[in-house]
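Engineer: Provided herewith is a single structure, encoded as structure tokens, for subsequent inquiry.
The values are calculated or read from the model by the stated rules, or taken from the named source; none is laboratory data. Nothing here was measured: the structure is a model prediction, and the numbers come from that model. Backbone-built Cβ (ideal geometry, glycine too); neighbour counts: all protein chains shown. What goes into the accessible areas is simple: the full protein's heavy atoms, side chains included, and nothing from ligands, DNA or RNA. Shrake-Rupley method; radii C 1.70, N 1.55, O 1.52, S 1.80 Å.
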Amino acid sequence: MGSNLGELLLREKVLTPDQLKSALEVQKGKNVPLQTAIVSLGLVSEEEMAQALSRQLGYPYIDLDQFEVYPDVVTLIPIEIVKKYMIMPIHRIRSFLTLAMVDPTDLEVIEDIRFRTGLSIQPVIGSESGILNAINKYYGSSSALRVKKIIEDIALADDTRVNIIEEEKDDYNVQELVQATEEAPIIKLVNEIFVDAIKKGASDVHFEPYEQTFRVRFRMDGLLHEQMNLPLKFKAPVISRVKILSNMDIAEKRLPQDGRIKMKIKLENGGRKEVDMRISALPTIFGEKVVARILDRQMLKLDMTELGFEEESLDKFQQAIQRPWGIILVTGPTGSGKTNTLYSAVSTLNTLEKNIMTAEDPVEYNISGLNQVHIKDEIGLDFPRVLRSFLRQDPDIMLIGEMRDLETVDIAIKAALTGHLVFSTVHTNDAASTVIRLVNMNVEPFLIADSVILIAAQRLVRRLCQKCKVPHKLPEKALIDIGYLPEEVKSVQAWKAGGCDYCNNTGYKGRIALYEVMPIDDEMREQILLRAQSREIKKKATEKGMITLRRSGLIKIKNGVTSIEEVLRESVKD
């Protein structure tokens, strides 16, 4: 995109000459299109730019999110070309192709598409994010395109067994299910779904049967995204294939089952990646829902400096884990990254001189040097039994997956008071309320005060994509309302999600933790012994310099790491 766009925006008085000069400098420095530079500087929104172009050039502006594109139109231009030029074919009538463009003044692009398609081009104006959304929706990733092709092949095949499997209550043929899962298209379909999920960095794959459809969703950066809606006839063979891969009983459809899959995939750069998947099958009213938890060792961060600790909080945490004995608790809801924090801590201490033993339900990642035990309640191998055995195994450090009951807590406290360092998790909202949770489990306050040396609460928020984040202008009152001090607001530059190809047009890439680290020193022990309420404990800890979850989020907003929306979603105002 060249000077034509800049001149048009000047004529429309959308930009001033100084603003255009700044945008041109960014365009040259970052080697991005001019419209991307303008939007990234927060000078003009995408929609304002598109509407200004529409007024000046006379081309209509369309909202691609409200427009349906037919498959035969999508196939006219390859995916690499639409991404290169930031265009989207949307309609064809005889020899005329309607083409959505960010910059309809780019005659070279128009001529190239005319030559490639043999059609006359009728440009319309679309926003960059709208075109990106349309590209992702109608073209998808290379893996998604292969999945679509597999589905088409199955639909066209006359002899495939997939089309004849019917489930009527409990009346089904197990042998027929097994045969269907061995059909090449079904094997390819399941493999491609898993490969696509791994390449996209998904943490979970959900196979969900409903009355009229069979939905597949991926959890990426903590949020679920729908990937495809398959015809209902795919339900039985796909779920059975996953169950066979994970060594489940495909004849059992009435009870929950668990299994594991180990998969090695070839990456596009030629490398290979090996991942474990933990599979859970659960009967629902429309059939079994299967969830695959992807345990990718490469996604596990064992460097504590990368987890999201503020410098002061990290210093306190590292000092605590170097103590010879005591209990360190990490608290937060399911999926808040507690396991990653615990693994990072014990990996820091993992030396030849230390005997580290873990009791987990289940063991998510195998880490060399750790003696890891998988809890199996069904055979009586529960936390208390395993912990009692640990104490006869000469441990230095013990990691307990979760403190669920008084017996487990009691053994952990006894271990801490007899010279062992114990790590564990509790499900509470913040660090201070963890003390009240232990008291409610009938643990005496003097035992908590004597054994617990630090409590860390955490939440996960999505990282802003650094390639497409845009400034977020807010009034000072709004910044004060979310927790900033009046003297801080003038120096706060907030950012919000944009959307680009690198982040699948979500505006976010990866996650980072908010941390609240509360050491238990003499003053805090006194609060615990006095049975103080959680708000009093939190107030005392804050007075002593504790960075709360909300303050941790505000620091990350100011540093451009995450957005206001993410912090508001995962924390409350102090």
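Engineer: Output yes when any residue across region 452-459 is more than 22 Å from the chain's Cα centre (by Cα) and closer than 30 Å to S203 by Cα, and no when none is.
Structural biologist: So far as region 452-459 goes, yes, one or more of its residues are more than 22 Å from the chain's Cα centre (by Cα) and closer than 30 Å to S203 by Cα.
Engineer: Same structure again: Looking only at region 101-131, filter to residues that are in contact with a Phe, Trp or Tyr (Cβ under 8 Å, 6 or more places away or on another chain) and among the small types (G, A, S); which one of those is nearest to L53 (Cα to Cα)?
Structural biologist: Top of the filtered list is G126.
Engineer: I would also like to ask the following. On the basis of being surrounded by 21 or more Cβ atoms within 10 Å (Cβ to Cβ) and either of a type in the set (S, T, N, Q) or free of Cβ contacts under 8 Å to residues at least 60 places away in the same chain (or both), does T341 make the cut? Walk me through how you get there before you give the answer.
Structural biologist: Values: surrounded by 21 or more Cβ atoms within 10 Å (Cβ to Cβ): yes; either of a type in the set (S, T, N, Q) or free of Cβ contacts under 8 Å to residues at least 60 places away in the same chain (or both): yes.
When the stated conditions are applied, T341 passes them.
Engineer: A further question follows. So E48 clears everything in (1) in a helix (DSSP H, G or I); (2) open to solvent by 60 Å² or more (accessible area, probe 1.4 Å); (3) touching a Leu at 6+ places or on another chain (Cβ under 8 Å) except one condition, right? Which one?
Structural biologist: It fails just one condition, (3).
Engineer: Hey, another quick one. Test I198 against the criterion of being aliphatic (A, V, I, L, M), within 18 Å of I265 (Cβ to Cβ) and open to solvent by 30 Å² or more (accessible area, probe 1.4 Å), and give yes or no.
Structural biologist: So I198 fails the test.
Engineer: From the list V39, V82, V26, V32, which residue is open to solvent by less than 70 Å² (accessible area, probe 1.4 Å) and modelled with pLDDT of 80 or more?
Structural biologist: Result: V82 is the single residue among V39, V82, V26, V32 that is open to solvent by less than 70 Å² (accessible area, probe 1.4 Å) and modelled with pLDDT of 80 or more.
Engineer: Just one of the numbered conditions (1) open to solvent by 70 Å² or more (accessible area, probe 1.4 Å); (2) modelled with pLDDT of 90 or more is not true of Y515; which one?
Structural biologist: So Y515 meets the others, but not (1).
Engineer: Name the pairs whose Cβ atoms lie under 8 Å apart, with the first residue in region 245-268 and on the phi > 0 side of the Ramachandran plot, the second assigned to a strand (DSSP E or B) and surrounded by fewer than 19 Cβ atoms within 10 Å (Cβ to Cβ), and 6 or more positions between them or separate chains?
Structural biologist: What qualifies is N247/R260.
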